[in-house]
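All remarks here apply to the structure that follows.
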Amino acid sequence: MELKTDGTGLEEALADSENRFRCLVEYASDGYLLYDEDGTVVDVNSSACAAYGYPRGELTGLSLGDLFEPQASVADLTEVDDALCGGAARTVEINARCQDGHTFPAEIRVGVLEGREGRRFMALVRDVSERELSRERIEYLSGHDELTELPNCRLFRTEADAAVERARRAERQVAVLHVDLNRFSLVNQGLGGHGGDELLRQTAGRLREAARPMDVVARYAADEFLILAADLEPESPAARAGPNAGGAAQAHELAAAVHAALERPFDLDGTEVYIDAAVGISLFPLDADSTTVLLRHADQAAAQAKRPGEGPTHQFAEETSDKWGRLWLATRLRKAIEQDELRLHYQPIVSLESLPPGAPARADLAPHVFAYEALVRWQDRDGLVPPAGFISLAEDLGLIDDIGEWVVREGCRQALEWRRAGARVSMSFNLSLRELWQPDIVERIAGEVRGAGLEPSSVIVEITESSAMTDPTRTQRVLYELRRHGFSLAIDDFGAGHSSFSRLAELPCEILKIDRSFVARLPGDASSAAMVTAMLELAERLGMRAIAEGIETPEQLAFLVERGCPLGQGFLFGRPAPASDLVLV
Ligand code: C2E
Ligand code: MG
Ligand code: MG
């Protein structure tokens, strides 16, 4: 714009600029407030009037305290710092209060103006209710299933973790019910996806009806649901016979309520549909020691309940005759690990080839020991508990990993001590199926062995034949991994698992331990003698070294030596004993 010498051009220019500013402000969709240092509003736009519900004349003159809450945050709107003075704007999140008293979440951009009237603030007020709503929705959906609006697996897991923690502290019980609908896929196919969705929505409602208000009902997968009943009073020996005794009884009551709730027909667009479910129950601490195991066992119990002739409800450890004893044992076993009550005993594995003829004297055995097998015991206050008394319970409860970790660490420590004392013997460990299937098992063992300064080639890992043949593909992967790290592998209790001999060739193992049950009947029993002979031949043909287990008599030893069995183990050479009792060199 051209300026005239009498100054009228300047006035016009200012008027133009003022007009443009007014238009900008009036057309803005955000509310505009101009207020002075004490917070009194001096100018507004129509969007602000609309948002607050005040006529323009009333909105000007109000103070910030009338327009925003909480009062503590109102001060942010008049606070001045270096950045604001330097021309930057500040964003303040606050609630705006309207003329009729209702509030909305607002995001305010505040800037400062220094002018003829002194310092003033300009604020642009944006209603962010929708954004907040969608944020809340996203948060809700991340913990909920969209179809049924029930909590999802993730949220269930968080709740279950907290419940287990509480139960641990307060000695309470937690039940997880795994509800698996029967024949849902048939209904889904028959009615189409829409009908299936509706059935799941209605099922969710029925399950909520069956559960107590404080129980968490969640959708687990397509047609599977979970119920968490927490803070259950534990069973006491006195209440054991009562109808409402303990968590197990309450969980079964809940399961019965679930079956009853599903009994009524479902109405799907006028079609009557009937559906029932298999319910699996798992209880902390009776059936599991952690949330992961609790969920897994509820799932397994539901699968059991689905089998023909079973169901409709199955509890994971129901088959245990003495539940109270199991609970008591479970509690003590957990403490056993914490309180260092596990012990290792070692049993020699002897090279039969180098033995002088006849039964060896114990004291002369040391040079012929090829390895020691580490066998775990639990030093309970009532005595020494053998592994048969607690390994399978530890597996059920998910405690086996902790036990296995301790065994390997302690065994490695001992092996290193022997090595330093000049004995060159291998150390043999037993791994159960559950341990074998831990995703990080190979790294854990390798780390422990290398960390102790031992060579994996001086460590033997024993896996029973039945473990090795359960899901052989999965097992083989782990065994090959162990081999790759340089460990020696042994198939334990071979012959007891009834797997076919031909499967043996698929496993990367170099040691075959012939089960004690065959050796026990040597040399008199012809079929045992034939079996042992066949196993020794098989081992040789596959390039494996055989260990005969359970040698107790000189006659058994003589038979085995005659058939060329290279290695042996048994009470004849020594029972499992603490390291301090062994003669090593
Ligand atoms: P296994 O690995 O086959 O161990 C041999 C078992 O046979 C030992 O029983 C041993 O005491 C017994 N035994 C050895 N020689 C003779 C004999 O001449 N006559 C008789 N009658 N028995 C003999 P134990 O120590 O009670 O262990 C039983 C099983 O528990 C082991 O069988 C193994 O499968 C398992 N086990 C032991 N320690 C561990 C461990 O640290 N972890 C895992 N997962 N399992 C273990
Ligand atoms: Mg063994
Ligand atoms: Mg064995």
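The values are calculated or read from the model by the stated rules, or taken from the named source; none is laboratory data. Because the structure is a prediction, the values reported are computed rather than measured. Every residue, glycine among them, receives a Cβ derived from its backbone with ideal geometry; neighbour counts consider all protein chains shown.
Here are some notes:
- Scanning segment 497-519 for residues that are more than 20 Å from Ile460 (Cα to Cα) and small (Gly, Ala, Ser) turns up Gly497, Ser499, Ser500, Ser502, Ser517.
- When each of Arg413, Arg419, Arg409, Arg424 is tested for being more than 14 Å from ligand 2 (Cβ to nearest atom), assigned to a helix (DSSP H, G or I), farther than 30 Å from Ala330 by Cβ and charged (D, E, K, R), the lone residue that passes is Arg419.
- Lone qualifier among Ile460, Ile441 - being of a type in the set (A, V, I, L, M) and touching a residue at least 60 places away in the same chain (Cβ under 8 Å): Ile460
- Number of residues in segment 359-377 that are of a type in the set (Asp, Glu) and away from ligand 1 (no atom under 16 Å from the Cβ): the value is 1.
- Complete set of residues in segment 69-89 that are in a helix (DSSP H, G or I) and either in contact (Cβ under 8 Å) with a residue 60 or more places away in the chain or of a type in the set (Asp, Glu) (or both): Asp76, Asp82
- Test: residue in segment 533-556 that is within 15 Å of ligand 2 (Cβ to nearest atom), on the phi > 0 side of the Ramachandran plot, modelled with pLDDT of 95 or more and touching a Lys or Arg at 6+ places or on another chain (Cβ under 6 Å): yes
- Residue check, Pro356 assigned to a loop (DSSP other than H, G, I, E, B), more than 10 Å from ligand 1 (Cβ to nearest atom), without any contact (Cβ under 8 Å) to a residue 40 or more places away in the chain and in the same structural domain as Asp440 (by TED's automatic domain parsing): yes
- Which numbered condition Arg483 misses (of (1) over 23 Å from Phe370 (Cβ atoms); (2) in contact with a strand residue (DSSP E or B) (Cβ under 8 Å, 6 or more places away or on another chain); (3) not polar (S, T, N, Q)): (1)
- If you go through segment 477-498 and pick out every residue that is within 15 Å of ligand 3 (Cβ to nearest atom) and not aliphatic (A, V, I, L, M), you end up with 5.
- Boolean, Ser428 is within 16 Å of ligand 3 (Cβ to nearest atom), farther than 13 Å from Tyr372 by Cβ and not aliphatic (A, V, I, L, M): no
- The strands (runs of 3 or more DSSP E) found wholly in segment 174-290 and carrying at least 1 residues that are of a type in the set (Val, Ile, Thr) and within 22 Å of Asp145 (Cα to Cα) occupy 216-221, 224-232, 277-284.
- Close pairs from segment 422-434: first within 24 Å of Glu465 (Cα to Cα) and in the same structural domain as Ile400 (by TED's automatic domain parsing), partner in a loop (DSSP other than H, G, I, E, B) and of a type in the set (Val, Ile, Thr), Cβ under 7 Å, at least 6 apart: Leu433/Thr470
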